[in-house]
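We did not get these values from a lab; they are worked out from the coordinates using the rules stated. Because the structure is predicted, anything quoted here is derived from the model rather than measured. No Cβ is skipped: glycine too gets one built from the backbone with ideal geometry, and neighbour counts run over all protein chains shown.
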Amino acid sequence: MDQISLRAYAKINLTLDVVGRRKDGYHLLQSVMQSISLADFLTLRPQSEGITLVTDHPTVPTDETNICWGAVTAFQRYTGVTRGVRIELVKNIPLQAGLGGGSTDAAAVLHGLNQLFATNLSLQELQTIGLQIGADVPFCLQGGTALVQGIGEQITTLTSFPTATIVLVKPKEGVSTAEVYRSLSPAAHGGKSTMELVAKLATQASVEQLGLGLSNALEAVTIDLVPEIGVWKERLLTAGSCGTLMSGSGTTVFGLFTNFELAKQFSVDWSDQARVFVVHPVPRGVDQMNGGDLT
């Protein structure tokens, strides 16, 4: 295989509970995650040695500080493959958004390398490598609708999220995940929203019912840092969303809609104030594409 082209899908957290903290400082989480149709595009081509990374985004690094670079080196360590790779990355997923943009790019790189070099690693092996790179990478390799626990290593496939339109709003201001977790009080630990939503999904609850179960333990902390998040939640609800939430550590807010036209109208009304995307759930984290160069 001389190249492979991939879609790397973003994720949202339908719930996020912090259930504890390990001695090494890592927070233990429970979350229902969902892959969505917003995606970055990657093309991987083998080369004799080294890593070449090019991107259309002016602020994304193209050296060893990029998570995609880390994915290549972790893959090489695990497999013993010594050949290099050229990665062309087209960024559509906003940065510092709580949408897993870096993690899904790394997942796509691992998936692509496994195909390019015919290493035949299982999903579980790829997830083992992915966990070394980032907590969301194992989920992004699998995608769909899943319960994610621990530090990201425990993934349980769930009943697929029902058909819905999802509006994403990314305010201009970003936030550091590390800063959010530093500001999180131990009193916020121990939520039960995740397991309650898992139970609702198992009964094939409606989008409206699921919208009532959205919850994120980090939201209050991030709203203190970026009050605009609360404003966007109110705007989404006023526009007809049946549930809104901040994804991950922020700052993206999403709203669930059962009416596509209302969702589209929200995008028309507010796209001059923030980055607004109208998307839908997808059943996987990475898709292989036909065709060639994406740049």
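Working from the alpha-carbon coordinates of region 1-67, get Rg over Rh, Rh being the Kirkwood radius.
For region 1-67, the value is 1.10.
Among E153, E64, which comes first, then next, by fewest other beta-carbon atoms within 10 Å?
So the residues, fewest neighbours to most, are E64, E153.
Treating only the Cβ of Lys, Arg, Asp and Glu as charged (+1, +1, -1, -1), what charge dipole size does the chain show about its Cα centre? Round to the nearest 20 debye.
380
For the charge dipole of the chain, defined by +1 on Lys and Arg C-beta atoms and -1 on Asp and Glu C-beta atoms about the Cα centroid, which residue among L42, T128, L141 has the Cα displaced farthest towards the positive pole?
T128
Please determine, in degrees from 0 to 90 and to the nearest 10, the orientation of helix 101-116 with respect to the longest principal axis defined by the Cα atoms of the chain, where the helix direction is its Cα long axis.
Result, in degrees: 30.
Who wins for biggest fluctuation among V268, V148, V85 in a Gaussian network model of the chain, springs between alpha carbons below 10 Å?
Looking only at V268, V148, V85, the biggest GNM fluctuation is shown by V268.
Of V167, A74, F257, whose Cα points farthest to the positive end of the dipole of the chain (charges on the beta-carbon: +1 Lys, Arg; -1 Asp, Glu; origin at the Cα centre)?
So the residue we want is A74.
In the chain, if the dipole is taken from +1 on Lys/Arg beta carbons and -1 on Asp/Glu beta carbons about the Cα centre, which of A202, I4, C242 is farthest to the positive end?
Result: A202.
In degrees between 0 and 90, to the nearest 10, how far off the longest principal axis of the chain does helix 260-270 point, with axes built from Cα atoms?
90
So if I take the centroid of the Cα atoms in region 1-58 and the same for region 145-161, what is the distance between those two points in Å?
So the two Cα centres are separated by 15 Å.
Please identify every one of the trypsin sites (Lys or Arg not before Pro) in region 18-63 that sits in a loop by DSSP and has no more than 11 other beta carbons within 10 Å of its own beta carbon.
Answer in residue order: R22, K23.
Just to be sure I understand: with springs between alpha-carbon atoms less than 10 Å apart, which residue in L158, L236, L245 has the highest mean-square fluctuation in the Gaussian network model of the chain?
Answer for the Gaussian network model of the chain: L158.
Where nothing but the Cβ of Lys and Arg (+1) and of Asp and Glu (-1) is charged, how large is the charge dipole of region 196-245 around its Cα centre, in debye to the nearest 20?
Dipole of region 196-245, to the nearest 20 debye: 140 debye.
Which whole number of Å³ per residue matches the convex hull of the alpha-carbon atoms in the chain?
Dividing the Cα hull volume of the chain by its residues yields 127 Å³.
Using only the Cα atoms of region 175-268, each taken as one equal point scatterer with no solvent, compute I(q) by the Debye sum, divide by I(0), and report log10 of the ratio at q = 0.18, 0.20 Å⁻¹.
-0.89, -1.02
In nm, to one decimal, how far is the modelled label at Y26 from the one at E208, with both set 7 Å along Cα→Cβ?
4.2
How many angstrom lie between the Cα centre of region 223-295 and the Cα centre of region 80-107?
The distance from the Cα centre of region 223-295 to that of region 80-107 comes to 21 Å.
Within the chain, what percent of beta bridges assigned by DSSP are antiparallel, to the nearest 5?
The antiparallel fraction comes to roughly 85 percent.
Viscosity 1.002 mPa s, temperature 20 °C: give me the Stokes-Einstein translational D for region 82-200 in µm²/s, with Rh taken as the Kirkwood radius over C-alpha pairs.
D = 128 µm²/s.
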